[in-house]
1. Tell me, yes or no, whether segment 46-59 has at least one residue that is among the aromatic types (Phe, Trp, Tyr), in the same structural domain as residue 21 (by TED's automatic domain parsing) and touching a residue at least 40 places away in the same chain (Cβ under 8 Å).
2. How many of the residues in segment 29-56 are in a strand (DSSP E or B) and of a type outside the set (Val, Ile, Thr)?
3. Exactly one condition in (1) assigned to a helix (DSSP H, G or I); (2) of a type outside the set (Lys, Arg); (3) free of Cβ contacts under 8 Å to residues at least 40 places away in the same chain is false for residue 26; which is it?
4. Looking at segment 162-180 only, could you name the residues that are more than 20 Å from the chain's Cα centre (by Cα) and modelled with pLDDT of 50 or more?
5. Do we find a residue being without any contact (Cβ under 8 Å) to a residue 24 or more places away in the chain, closer than 30 Å to residue 168 by Cα and polar (S, T, N, Q) anywhere in segment 87-94?
6. Could you list, in sequence order, the residues of segment 95-123 that are in contact (Cβ under 8 Å) with a residue 60 or more places away in the chain and on the phi > 0 side of the Ramachandran plot?
7. Looking at 147, 127, which one is in contact (Cβ under 8 Å) with a residue 24 or more places away in the chain, surrounded by 19 or more Cβ atoms within 10 Å (Cβ to Cβ) and closer than 14 Å to residue 36 by Cα?
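The values are calculated or read from the model by the stated rules, or taken from the named source; none is laboratory data. Not measured: the values here are computed from a predicted model. For neighbour counting, all protein chains shown are included, and Cβ atoms are generated from backbone atoms with ideal geometry for every residue, glycine included.
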Amino acid sequence: MKKTQKILGLPIISISDGMEVGKVKSIIINAEKGAIDYIVVDSGIQIFSARVIPNDDVLGIGEYALTIENEGVITDINRIPAAIQLLQKDIHVKGTKVLTKKGRLIGEIGDIYIDEGDNCTITGLEFIADITQKKVRIIPRDSVITFGKNLTVVKEDVESSLLDTPLQLSSEDRLPEFEKKN
């Protein structure tokens with residue numbers, strides 16, 4: 001489980017030659033899948049087109065680095081129409097307002113929690129009810145209806161599902177009570 005903030009800026013290491021081939025500049029989110037589909041690479045060279053790594057080519061995301069097999073998996077975004085479409089949708093999630101299904105505006109999203117071991121799927125969202133609230137809560141993924149450009153739409157009763165720590169996002173803790181007993 002990682003916050004996306006911990007991924008941005010990580011060195012990208014090619015394990016075939018042990019070289020740093022860039023840094024994580026940003027992420028491209030697929031709102032329909034609720035996952036990160038592409039990593040945007042900052043290679044330190046001014047180029048006219050973004051270079052991306054499809055999430056399928058990411059071997060791992062650790063504390064120190066994001067690893068890939070070799071530099072060949074880094075592709076010009078112009079060669080991947082699906083990545084361009086996602087980029088044009090401009091879904092960031094972080095910083096969006098949180099709206100309930102029945103139209104209540106209840107706060108905003110601070111950061112995103114992803115499961116790097118499960119295709120970088122979004123597992124939860126940092127929820128900030130208002131700027132005076134010191135305690136940040138977490139909206140579990142199963143309470144999210146839509147990841148939009150400016151709004152994240154959640155179930156009406158989301159407040160009853162809020163979690164206190166990222167550890168509660170693990171699948172064991174998210175089982176309904178009747179499943180834990182049986």
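1. No, segment 46-59 contains no residue that is among the aromatic types (Phe, Trp, Tyr), in the same structural domain as residue 21 (by TED's automatic domain parsing) and touching a residue at least 40 places away in the same chain (Cβ under 8 Å).
2. So the answer is 7.
3. Tallying (1) assigned to a helix (DSSP H, G or I); (2) of a type outside the set (Lys, Arg); (3) free of Cβ contacts under 8 Å to residues at least 40 places away in the same chain, residue 26 fails exactly one: (1).
4. The answer is none; no residue qualifies.
5. No: zero hits.
6. Once the filter is applied, which keeps residues that are in contact (Cβ under 8 Å) with a residue 60 or more places away in the chain and on the phi > 0 side of the Ramachandran plot, segment 95-123 yields 119, 120.
7. 147
Each row is one residue, and each column tells you yes or no for (1) closer than 27 Å to residue 141 by Cβ; (2) surrounded by fewer than 15 Cβ atoms within 10 Å (Cβ to Cβ); (3) among the aliphatic types (A, V, I, L, M); (4) modelled with pLDDT of 95 or more.
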position	(1), (2), (3), (4)
37	yes, no, no, yes
56	yes, yes, no, yes
69	no, yes, no, yes
87	yes, no, yes, no
99	yes, no, yes, yes
